[in-house]
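Visitor: Sharing a structure with you now.
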Amino acid sequence: MTARIIDGKTAAAELRGKAADAVHRLRRDQGIVPGIAVVLVGEDPASSVYVRNKSKAVAEAGMHAFDRKLPASTSEAELLALIAELNADPAVNGILVQLPLPKRIDAQKVIEAIDPAKDVDGFHPINVGRLSIGLPGLVPCTPMGCVLLAKMIRASLAGLETVVVGRSNIVGKPVAQLLLAENCTVTIAHSKTSDLPAVCRRADLLVAAIGKPEFVRGDWIKQGATVIDVGINRVPGEGGKHRIVGDIAYAEASRVAGAITPVPGGVGPMTIACLLLNTLRAACMQNGLPPPQS
Ligand code: NAP
């Protein structure tokens, strides 16, 4: 068996196109242009690339990008003052603070300072709580992308035996909540799980968010399962260069799985597309309009 490749690049391009159409309609019919402020503290090269890509996608979708680049020496008080300013600015519908922050700044304090209605990362405890009790809110982008990709294989995920490996606040836990809301039977596995291979083998739908290169082997995967690989790991490649691999041993897994996301080109591109959807959703909600369907 050779697994169907779940093409996140194409899916994300479609979503971005839909977001751009919705932005166009919002501007034409309501005179509203959604805006997002992406805040970057310091010069971390990976974060700078993410922020650049996010801002480019925001502009391409016809939204306003209010980039705020702050020096690495920025104090927690200065960052909190900027968040307060952005919370109060009606042109800013979404606020994203790029993580990680310098160690001196309490990231949780910063997340909790963001107006939950503008929290397009979905990390504020209010949005986390709303997701866990099934109320509408803003949900984290990468988990939303995982679920949209899984639904490309089966429109309904109801009843699927699902295993999520990883329990981080930004990926594992929210993806598990979203899958529960889709009526999956969800197991969350982590570093203390006993006999992880056997747990994974139960899964009709397996999501790996671990951060360990090619950790999940082909013989951990149930025949025909749908496999969503969130991992982004840099490993040494040919000629002293680096290459990116996921948390799943892709070549082995694609001989057993029914469908699988590649790395790169799977979950990664969906994250930015879902950020656009969240910003659009936030803009609609703040203006008393029904949120667009994703
Ligand atoms: P994280 O905060 O480090 O969490 C990793 C999780 O994996 C933890 O819950 C940990 O368990 C679990 N884990 C670690 N070793 C394990 C083992 N040996 N067996 C079973 N579980 C194990 O990572 P994260 O932020 O969730 O990110 C996970 C991966 O996704 C990373 O590669 C990251 O780069 C990638 N990522 C991709 C995107 C995207 O846009 N595609 C977005 C975010 C993250 P414990 O809780 O027990 O320690």
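What follows draws every value from the coordinates through simple rules; no lab data is involved. Computed from a predicted structure; not experimentally measured. FYI the Cβ positions are ideal-geometry reconstructions off the backbone, even for glycines, and counts take in every protein chain you see.
Visitor: Could you work out the local net charge near Ala57, counting Lys and Arg as +1, Asp and Glu as -1, over the other residues with Cβ closer than 14 Å to its Cβ?
Guide: That sum, taken over residues with Cβ under 14 Å, equals +3.
Visitor: Quick check: Cα centre of region 213-246 to Cα centre of region 147-166, how many Å?
Guide: 19 Å
Visitor: Which net charge results for the neighbourhood of Val33, defined as the other residues with beta-carbon distances under 13 angstrom from its beta-carbon, given Lys and Arg at +1 and Asp and Glu at -1?
Guide: +2
Visitor: Could you size up the charge dipole of region 160-247 around its Cα centre, putting +1 on the beta carbon of Lys and Arg and -1 on that of Asp and Glu, and report it in debye to the nearest 20?
Guide: I would put it at about 280 debye.
Visitor: Taking a virtual spin label 7 Å from the Cα of Ala251 along the C-beta vector, which residues in region 226-240 bring their backbone nitrogen under 17 Å of it?
Guide: Under 17 Å, as judged by backbone N against the label point of Ala251, lie 235-239 of region 226-240.
Visitor: Remind me, relative contact order of region 23-155 in percent, using alpha carbon pairs under 8 angstrom and six or more residues apart?
Guide: Working: 171 pairs, mean separation 28.7, N = 133.
Result for region 23-155 is 22 percent.
Visitor: Using a cut-off of 10 Å between beta-carbons, work out the net charge of the residues near Pro262 (Lys and Arg +1, Asp and Glu -1, Pro262 not included).
Guide: Combined, the nearby Lys, Arg, Asp and Glu give -1.
Visitor: Could you tell me the calculated FRET efficiency between Ala198 and Ile5, based on Cβ-Cβ distance and R0 = 30 angstrom, to the nearest 0.05?
Guide: On the way: r = 27 Å, r/R0 = 0.89.
About 0.65, to the nearest 0.05.
Visitor: Please compute the modelled spin-label separation between Met152 and Val49, points set 7 Å along Cα→Cβ, answer in nm with one decimal.
Guide: Simple spin-label model gives 2.2 nm for this pair.
Visitor: Then there is this: Report the extension gain between Ala107 and Leu135 in nm, rounded to one decimal, defined as 0.36 nm multiplied by the number of residues separating them, less their alpha carbon distance.
Guide: 7.6 nm is the gain from fully extending Ala107 to Leu135.
Visitor: Pop the C-beta distance of Glu85 and Glu14 into the FRET formula with R0 = 41 Å and round what comes out to the nearest 0.05.
Guide: Here the calculated transfer efficiency is 0.70.
Visitor: Also, quick follow-up: Rounded to the nearest 20 Debye, what is the dipole magnitude of the chain about its Cα centre when Lys and Arg each give +1 and Asp and Glu each give -1 at the C-beta?
Guide: Here the size comes out at about 440 debye.
Visitor: To continue, here is another question. Find the relative contact order for the chain and round it to a whole percent, using C-alpha pairs within less than 8 Å whose residues are 6+ positions apart.
Guide: Relative contact order here is 22 percent.
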